[in-house]
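Data block below; observations after.
The values are calculated or read from the model by the stated rules, or taken from the named source; none is laboratory data. Here the structure is a predicted model, which is why all the values come from computation and not from measurement. Note that we place each Cβ from the backbone using ideal geometry, even for glycine, and neighbour counts take in every protein chain shown. Ligands, DNA and RNA are excluded from the accessible area calculation, which covers all protein heavy atoms including side chains. Shrake-Rupley method; radii C 1.70, N 1.55, O 1.52, S 1.80 Å.
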Amino acid sequence: MTSPEQSSDWKDLELERLYLDFTEEHLNPLWTQLGDLMPMTPTSKAMPFVWRWSRLYPLAARAGDLVPVGRGGERRAIALANPGLGGLPYATPTLWAAIQYLGPKEVAPEHRHSQNAFRFVVEGEGVWTVVNGDPVAMRRGDFLLTPGWHFHGHHNETNQPMAWLDGLDIPFAHHIDTGFFEFGSDAVTDDSTPDISRSERLWVHPGLRPLVGLDASASSPIAAYRWEHTDRALAEQLALEDEGYPATIEPGHAAVRYSNPTTGGDVMPTIRAEFHRLREGTRTRTRRDVGSAIYQVFEGAGRIHLGDDVHTVHKGDLFTVPSWTPLSIESQSSLDLFVFSDAPIMERLHLARSLVVEGA
Ligand code: 1HN
């Protein structure tokens, strides 16, 4: 006869053996992990985090003195590594963000990759990025595209260094194994320095499409979205609001989305980019969104209510907003913000959700 105690000992032993045998056969039971696999709402491993431009820029400059840029390394880009993501060069689970630094007269060689990329310039000028042979000037406030599989290299024509923000969908491409890469010219294929690119001459005339480009393209054919247009669009929204016309997304909050003129949609298949301007003393509604975003302060100062914390941010500072993290932004002066996110992925896959927390 076995006593009840013996029988439960036997069961414990058998259970332990069962789990060992599962492991041996590369099997994993759901019932021990359901909460982790299926949270009630997204619980990102990525953390809300702030990187200060005042810390980033001097480190990039030190790299500029010590580390040459050239074939092999390709770019002097220093990635924001989210502290929740195990030291990987991922700002969020889908997005790469880096500060890239190019010294006087330096050249970053041409290459292409399937990952989509952009540059945003918070300060400086004097670098041209050559995208499929089209030289594109980079200046403060400009947003520049390098869609997937476009050749690109950069050259600094001045005696001053220049640094900018790079954004790419590298982590997403890495998770789903879609990366291809090819080297191009060691120099740049066109070292001329036009004020505007051929792509802008063809495409950037308000409301007008060239009849050579009537097919929808996956990414925007516009290589550079210039600051003068972004600034003007935002200023006009606020001026219209002053005149009593509905033009802002909420009181004191002007915003534009960079768009693909062939579709009206996002600039690239995986990346959304926007620019927001808050009047001094504005606080946005608290919201949560599925998917992750990275902000950079372009001008002004503000307080960022992000998750459980509040951070004061200034020009050049960057912060990450992981999926479903509550965010509200409060301006302490007129506040200009650049933001990019993986929203096109979420929308295309019907995974997008947003929640505006009323009264917060
Ligand atoms: C790249 O090509 C650039 O073109 C920036 O400036 C960052 C990070 C990983 C791989 C390629 C650029 C990059 C990159």
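A few remarks follow.
- Whole-Hz couplings from phi, Karplus 6.51/-1.76/1.60, listed for segment 107-115; x for Gly and Pro: 10, 9, x, 7, 7, 9, 8, 6, 5
- In this simple spin-label approximation, Gln160 and Arg71 carry label points 7 Å from Cα along the Cα→Cβ vector, and these lie 3.2 nm apart.
- Environment charge at Arg112 (Cβ cut-off 12 Å; Lys +1, Arg +1, Asp -1, Glu -1): -3
- Among 326-339, 186-199, the order from most to least packed when residues are scored by Cβ within 10 Å on average: 326-339, 186-199
- Computed from Cα positions, the angle between helix 4-24 and the longest principal axis of the chain comes to roughly 40 degrees.
- Cα centroid of segment 255-316 to Cα centroid of segment 141-218, whole Å: 22 Å
- Think of each Lys and Arg Cβ as +1 and each Asp and Glu Cβ as -1; about the Cα centre, that makes the dipole of segment 1-81 roughly 1280 debye.
- For the pair Asp195 and Arg353, label points projected 7 Å from Cα toward Cβ lie 5.1 nm apart.
- Note on segment 154-271: with neighbouring protein chains present and a 1.4 Å probe, carbon and sulfur make up 56 percent of its accessible heavy-atom surface.
- With the highest mean first, a sort of the peptides 304-315, 61-72, 103-114 on other beta-carbon atoms found within 10 angstrom per residue produces 103-114, 304-315, 61-72.
- Label-to-label distance, nm, for residues given as Leu27 and Arg285 (7 Å Cα→Cβ offset): 5.0 nm
- Rounded to 10°, Cα long-axis angle of helix 227-242 versus longest principal axis of the chain: 80 degrees
- Taking every alpha-carbon pair under 8 Å whose residues sit at least 6 apart, the chain reaches a relative contact order of 16 percent.
- Accessible surface, per residue, of the chain when the full set of protein chains is kept, probe 1.4 Å, Å²: 52 Å²
- Segment His174-Leu211, length gained on full extension (0.36 nm per residue, minus Cα span): 9.6 nm
- Candidates Arg257, Arg119, Arg232: whichever shows maximal mean-square fluctuation once the chain is modelled as a Gaussian network with Cα springs under 10 Å: Arg232
- In range of the label at Phe183: residues from segment 101-138 whose backbone nitrogen is under 15 Å from the point 7 Å along Cα→Cβ: 108-113
- Structure-based [θ]222 nm, the chain - -39500 (n - 2.57) summed over DSSP H runs of at least 4, per residue, nearest 500: -6000 deg cm²/dmol
- Fluctuation leader among Tyr258, Tyr225, Tyr19 - the chain, Gaussian network, Cα springs under 10 angstrom: Tyr19
- Mean Cα-pair separation over length for segment 73-122, i.e. relative contact order, pairs under 8 Å, 6 or more apart, %: 30 percent
- Across the protein chains, with a 1.4 Å probe defining accessible surface, the residues Leu211, Leu20, Leu165 rank Leu211, Leu20, Leu165 from largest area downward.
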